[in-house]
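The values are calculated or read from the model by the stated rules, or taken from the named source; none is laboratory data. It should be emphasised that the depicted structure is a prediction, and the values quoted were computed from it without experimental measurement. All Cβ positions, even for glycine, are placed from backbone atoms using ideal geometry, and neighbour counts span all protein chains on display. Ligands, DNA and RNA are stripped out before the accessible areas are found, and what is left, the full protein with its side chains, is counted by its heavy atoms. Shrake-Rupley method; radii C 1.70, N 1.55, O 1.52, S 1.80 Å.
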Amino acid sequence: MYKDPPVWDRINSFALVTYIPEPLAGFLDRLRQELVPNCFLRAHVTSLPPRPLSSTPEAAWEVIRAHAQQVAPFEIELGSIDLFPVSDVIYVQVAAGSEVLKQMHDAMNTDALAYREDFLYHPHVTLAQHLKPDEVDELVQVARKRWAECPFPKTFRADKVVFVQNTRRDEWVHLGECELGRGEYKRVEKLTDLLVG
């Protein structure tokens, strides 16, 4: 994870994620790196896909805080490997917990976080994207084989969401995190000066 980038390195692209805990996260991270070498993003489920803000990060943070305390912690179970055919993104399906994620997405995709997304929200864990067309089929098979060999439980508790901002290097910076179902939150740093074009 890229730490403490200068403000000028950050871009107007924000998302809301839930990180997957260990040991499942480590397995998914290694699988992603096998499929896409030099990809070091942490395994996560996205609640709000990347979006520009028309308001301030502070206003977006207030929306997150207000809605996060309305959602009780819940279980997520990961299912099979699949492929989004239009974008050739290889992903792990969310087998249980997807309805809660959809409700959370719909509730938070409003006010300062409102954005018309290119695709219908579909909860998942991305494993590989930006692939060459001739490597997609082979990498899907590799992903399915490795996932079938996963020795860890594929269920975890989602109890926190993390507000993140992208950089020009495509590395995500943590801005704050909220405990689901509680009023507790932690701001990593001041948000008001971080909106860069």
>> Counting each pair of different Cα atoms once, what's the Kirkwood radius of the range 49-110 in Å, rounded to one decimal?
In response: 13.8
>> How far apart, in nanometres, would the label points at residue 93 and residue 75 be if each is projected 7 angstrom from Cα along the Cα-to-Cβ direction?
In response: 1.8
>> With +1 on the Cβ of every Lys and Arg and -1 on the Cβ of every Asp and Glu, and nothing else charged, how large is the dipole of the chain about its Cα centre, in debye rounded to the nearest 20?
In response: 280
>> So if each residue of separation counts as 0.36 nm, and I subtract the Cα-Cα distance between residue 145 and residue 84, what length gain in nm does that give?
In response: 20.1 nm
>> Keeping every protein chain present and rolling a 1.4 Å probe, give me the accessible area per residue for the range 109-182 in Å².
In response: 58
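Taking the inverse of the average 1/r across all pairs of different Cα atoms in the range 20-72, what Kirkwood radius in Å do you get? Let's see the in-between values first.
On the way: mean 1/r = 0.0733 Å⁻¹.
Roughly 13.6 Å, rounded to one decimal.
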>> Suppose only helical runs count, i.e. DSSP H with n ≥ 4. What mean residue ellipticity at 222 nm does that imply for the chain under -39500 (n - 2.57) per run, divided by all residues and rounded to the nearest 500 deg cm²/dmol?
In response: -7500 deg cm²/dmol
>> Under the rule of at least 5 residues apart or a separate chain, name every residue whose amide H is placed under 5 Å from the amide H of residue 115.
In response: none
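Sequence gap at least 6, Cα distance under 8 Å: using those rules, report the relative contact order of the range 1-148 to the nearest whole percent. Kindly include the intermediate steps, with their values, before the conclusion.
Working: 196 pairs, mean separation 39.0, N = 148.
It rounds to 26 percent for the range 1-148.
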> What full-extension length gain, to one decimal in nm, is calculated for residue 184 and residue 136 as 0.36 nm per residue of separation minus the Cα-Cα distance?
Replying inline: 13.1 nm
> Quick one: with all protein chains in place, what share of the accessible area of the chain is carbon or sulfur, to the nearest percent (1.4 Å probe)?
Replying inline: 50
> Where q = 0.09, 0.13, 0.17 Å⁻¹, what log10 of I(q)/I(0) comes from the Debye formula for the chain, counting one point per Cα?
Replying inline: -0.33, -0.71, -1.21
>> I'd like the orientation of helix 24-35 relative to the chain: the angle between its Cα long axis and the longest Cα principal axis, in ° from 0 to 90, rounded to 10.
In response: 70
>> Using only Cα atoms and rounding to the nearest 10 degrees, what angle (0 to 90) does helix 57-68 make with the longest principal axis of the chain?
In response: 70
